[in-house]
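The block underneath contains the structure these notes are about, expressed in structure tokens.
The values are calculated or read from the model by the stated rules, or taken from the named source; none is laboratory data. Keep in mind that what you see is a predicted model, and the values were worked out from it rather than measured. Here the Cβ positions follow ideal geometry from the backbone for every residue, glycine too, while neighbour counts run over all protein chains shown.
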Amino acid sequence: MAAIFLLINYFNPDTYNKALMPALQSVWFVPHVLVYIFSYALLAASSIVAYYGLYKYYNRTYTNDILDLANNLVYVGFGFLSLGLLFGALWAKEAWGHYWTWDPKETWAMLTWLGYLMYIHLRYRYPNKTKAILITLAAAFIILLLCWFGVNYMPSAAQSVHTYSNT
């Protein structure tokens, strides 16, 4: 399939050759998106582990290895999420002249970051509260999904600088 699409693009480049708007031509745009997608993948994996851990917790077959795996995934994912926020701020400064504008997407990105930070603090402060820790991790993923998909359906998204089309 990839070869077919490459051949189509090679022989008919006007079909897919679209100029990006100036804000998307920044050097910070690609690292920002790649780092965020990677962090979302790791945090999604940690949430799958959390849901599995909750299942095991309620079936009384829970082991601490489950939470250790989720913890490692969250630490790496949170690091990349933090880099994504930083790269996004640098991109915003170059594209719009401000590091932070309280745009709905930016605000939900910060809420996502705070959700996972709350998980990290809860895990560190109360290591024996397994159920609360797993529920916090599952809830943080719901916030992440709202940030990724849900913001576009909110009324405030109409004025967002993160809206790049009319559809």
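Determine, yes or no, whether Ala140 is touching a residue at least 40 places away in the same chain (Cβ under 8 Å) and over 25 Å from Ser26 (Cβ atoms).
Yes.
Which number in (1) touching a residue at least 12 places away in the same chain (Cβ under 8 Å); (2) surrounded by fewer than 14 Cβ atoms within 10 Å (Cβ to Cβ); (3) of a type in the set (Phe, Trp, Tyr) marks the one condition that Trp100 misses?
(1)
For the range 142-167, which residues satisfy the criterion of being over 21 Å from Ser39 (Cβ atoms), at pLDDT 60 or above, exposed (fewer than 13 other Cβ atoms within 10 Å of the Cβ) and not hydroxyl-bearing (Ser, Thr, Tyr)?
Pro155, Ala158, Gln159
Kindly indicate whether Asn9 is of a type outside the set (A, V, I, L, M), farther than 30 Å from Tyr99 by Cα and at pLDDT below 85.
Answer is yes for this residue.
Report yes if some residue within the range 107-121 is within 21 Å of Ser26 (Cβ to Cβ), more than 14 Å from the chain's Cα centre (by Cα) and of a type in the set (A, V, I, L, M); otherwise report no.
No, the range 107-121 contains no residue that is within 21 Å of Ser26 (Cβ to Cβ), more than 14 Å from the chain's Cα centre (by Cα) and of a type in the set (A, V, I, L, M).
List the number of the failed condition for Leu24; all other conditions in (1) of a type outside the set (Ser, Thr, Tyr); (2) assigned to a helix (DSSP H, G or I); (3) at pLDDT 80 or above hold.
Exception for Leu24: condition (3).
Is it the case that Val76 is over 19 Å from Lys129 (Cβ atoms), out of contact with any Leu (no Cβ under 8 Å at 6 or more places or on another chain) and modelled with pLDDT of 80 or more?
no
Look at Thr63 and say whether it is surrounded by fewer than 15 Cβ atoms within 10 Å (Cβ to Cβ) and hydroxyl-bearing (Ser, Thr, Tyr).
Yes: the conditions hold for Thr63.
Among the residues of the range 36-79, count how many are in a helix (DSSP H, G or I) and more than 17 Å from Trp108 (Cβ to Cβ).
Of the residues in the range 36-79, 30 are in a helix (DSSP H, G or I) and more than 17 Å from Trp108 (Cβ to Cβ).
Could you give every pair whose Cβ atoms fall below 7 Å, whose first residue belongs to the range 68-92 and is farther than 13 Å from Leu34 by Cα, and whose second residue is small (Gly, Ala, Ser) and in a helix (DSSP H, G or I), counting only separations of at least 6 or pairs across chains?
Cβ pairs passing all conditions: Ala70/Ser46; Ala70/Ala50; Ala70/Gly53; Leu73/Ala45; Leu73/Ser46; Val74/Ser46.
Of the residues that make up the range 54-72, is at least one within 20 Å of Ala140 (Cβ to Cβ) and within 15 Å of the chain's Cα centre (by Cα)?
Within the range 54-72, not a single residue is within 20 Å of Ala140 (Cβ to Cβ) and within 15 Å of the chain's Cα centre (by Cα).
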